[in-house]
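**Student:** Have a look at this one before I ask anything.
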Amino acid sequence: FFVKLNCKIYGLFAQENIDALSFELPKSASKFAGVSPQCLEISDNIIHRFIEKCSPRDMLPILCEALDSPNKTVQAATYVCPLISGLSDVFISLQRRHFEQIKVAVPVVVKVVKAISTESDYEDTELGTLFERIVVNALSIQTVCRKLEDGENEKLRALLGLYVLQILALVSVSRNYLHFALRLASILPYSGISGLGLITGYSVDTMSHIVIGEDEEDCSSFSSHIYLGASLSVVWAQKHDEFAQAAKFDFGAIKTELQNNPTKRWQAVGMLKHVFASIDLPWEFKRYTVDFLLYITSGDISNKLGHNDCSLYMTSLFSSLQALTMIIIYASDTVLRKNAFEALKRVLGDIPNSQRFDILKALIKNSDSSSMVAILLDLVRGEMHRERILRTSLQKNEALEADSKTCQSTLFWSTSIRELVESVLRPDTGGPPILPDNSDAVLSALNLYRFVLMTEAAGKA
């Protein structure tokens, strides 16, 4: 039946019948794509011939509608493959308004692939076939870009960059396919993307502005997984030299720049929260991301802060640190937990003294883990001890000039410490803390309070 139908579409049906069938037949043909490789090939041919016989402009919404409403009785991974290949043919066949029409299709494809890639009941071959079609789909957009003039070419290249980043994130989440990651990496330079621009978020923001502009509705459609893909591109480069080569990343220069530039380092830390906070990524990616974070925060970075102010990045830094605490709590790998804690301390040390206490206080008040609260309170006590030693050395050495910046660095010794202790011993919910559930946090809070009382009683604070 499939073969006969294929032949009829090719030459026997009148055009008006083909137009009428185009609304339903591509969707019906795709339902049989998973029966066998031969059926997949025939489904591809049927959809391809519809595109030959019908207007590509008319076929684009038809294919998008079919993608957006997969039949629940068939395997979605095989169902969408002919439809995605059909979109690749449509993109190349479009005669005008390429950017506007492709911009409609890309979010639909990403939405479907995201739903499929996060499921666990697909074979490697099924997902491999799907991602092969997705990569070809991205390459078809690249082919269209090369035919366009500068204005529309720039917009479509930016759209292609956002598309590739999202697909890279989905490839990473599903099966960690190096082969497809390398092919996607080779497209990134064509979109004008640099490794440093990705890890700091600059390239993503630039492309998003070109593609989305001020349209908030478009923003909600395109935001999914873009920043995750941007962060993962650098993690892939950390894992595999061939990825860095395909993407044309000078990885050594990227890490050196982040080590020496506090502002870009804060931006990078803010971007990495997308990897730390992802619940779908394999732990392997988080391990490499922690290693990358340890590298860019290595050395005496506190001396490189100068008079930089990280107020603009406080929200993203807090989110990254909060995600790091989740790794410390839940990672089963002891080495990963240890490295994540070291990274947490280094990032905190990279934040100017005037804002470090606020970050720690926010982490403590927003943590649901008694053990994590205890660890953070111990870090506060360590900061107070360090500041006491600093003040003592300044008092003993009269030749050492205590400028205003140094004086401002002793900000942990204030009445805010008492409020922090009270937030644990007398929580906002009312009544005493629940024991033994909060015993770690309570013990650490009492130790901090005891440290403050003993230090002040000795006249050293």
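We did not get these values from a lab; they are worked out from the coordinates using the rules stated. From a predicted model like this one, the values you see are computed outputs, not experimental measurements. Here the Cβ positions follow ideal geometry from the backbone for every residue, glycine too, while neighbour counts run over all protein chains shown.
**Student:** PRE reach from residue 136 (point 7 Å along Cα→Cβ): which of the range 45-62 fall under 14 Å by backbone N?
**Tutor:** 45-49
**Student:** Another question, then. Could you give the Stokes-Einstein D for the range 33-179 in µm² per second, using the C-alpha Kirkwood radius, 20 °C, 1.002 mPa s?
**Tutor:** For these conditions, the coefficient is 138 µm²/s.
**Student:** Another one. Give the peptides 429-436, 151-158, 39-46 in descending order of average Cβ contacts within 10 Å, highest first. Please list the in-between numbers first.
**Tutor:** Details: 429-436: 9.8, 151-158: 19.0, 39-46: 20.5.
Going by the mean number of other Cβ atoms within 10 Å, highest first, we get 39-46, 151-158, 429-436.
**Student:** Give the calculated FRET efficiency between residue 386 and residue 206 to the nearest 0.05, with a Förster radius of 41 Å applied to their Cβ-Cβ distance.
**Tutor:** On the way: r = 40 Å, r/R0 = 0.98.
The formula returns an efficiency of 0.55 here.
**Student:** Tell me, what ³J(HN,Hα) does each residue in the range 183-190 have, in order and in whole Hz, if you take phi through Karplus 6.51 cos²θ - 1.76 cosθ + 1.60 with θ = phi - 60° and put x for Gly and Pro?
**Tutor:** 5, 5, 4, 5, 7, 4, x, 5
**Student:** A further question follows. Is the shape of the range 237-286 rounded, prolate or oblate, going by the alpha carbon gyration tensor and its root eigenvalues a ≥ b ≥ c, with a/c under 1.5 for rounded and a/b larger than b/c for prolate?
**Tutor:** Numbers: a/c = 2.80, a/b = 1.12, b/c = 2.51.
Judged from the Cα gyration tensor, the range 237-286 comes out oblate (a/c at least 1.5, b/c at or above a/b).
**Student:** Can you give me the Cα centroid spacing of the range 230-277 and the range 85-110 in angstrom?
**Tutor:** What the calculation gives is 31 Å, centre to centre.
**Student:** Can you run phi through the Karplus equation (6.51, -1.76, 1.60; θ = phi - 60°) for the range 192-205 and list ³J(HN,Hα) in whole Hz, with x for Gly and Pro?
**Tutor:** Here the 3J(HN,Hα) series is x, 9, 10, x, 5, x, 6, 6, 8, x, 5, 5, 5, 4 Hz.
**Student:** Pull up all non-local amide H partners of residue 250: gap of 5 or more, or a different chain, and H-to-H distance under 5 Å with H placed in the peptide plane.
**Tutor:** The list, which skips near neighbours in sequence, is 195.
**Student:** Along the range 325-332, what does the Karplus equation 6.51 cos²θ - 1.76 cosθ + 1.60 (θ = phi - 60°) give for ³J(HN,Hα), rounded to whole Hz, x for Gly and Pro?
**Tutor:** Using θ = phi - 60°, the values come out as 4, 5, 5, 4, 7, 9, 5, 7 Hz.
**Student:** Could you sort the peptides 276-286, 448-458 by per-residue average Cβ neighbour count (10 Å cutoff), highest mean leading? All intermediate terms of the calculation are to be shown ahead of the outcome.
**Tutor:** Numbers: 276-286: 17.1, 448-458: 13.6.
Output ranking for 276-286, 448-458: 276-286, 448-458.
**Student:** Roughly speaking, what is the stretch gain from residue 414 to residue 93, that is 0.36 nm per residue apart minus the C-alpha to C-alpha distance, in nm to one decimal? Don't skip to the end; give the middle numbers.
**Tutor:** Values: separation 321, 0.36 × 321 = 115.56 nm, distance 6.86 nm.
Separation in residues times 0.36 nm, less the Cα-Cα distance, equals 108.7 nm.
**Student:** To continue, here is another question. Run the numbers for residue 295 and residue 57: contour at 0.36 nm per residue of separation, minus the present Cα-Cα distance, in nm. Each step should come with its number before you reach the end.
**Tutor:** On the way: separation 238, 0.36 × 238 = 85.68 nm, distance 4.98 nm.
Difference between extended and current length: 80.7 nm.
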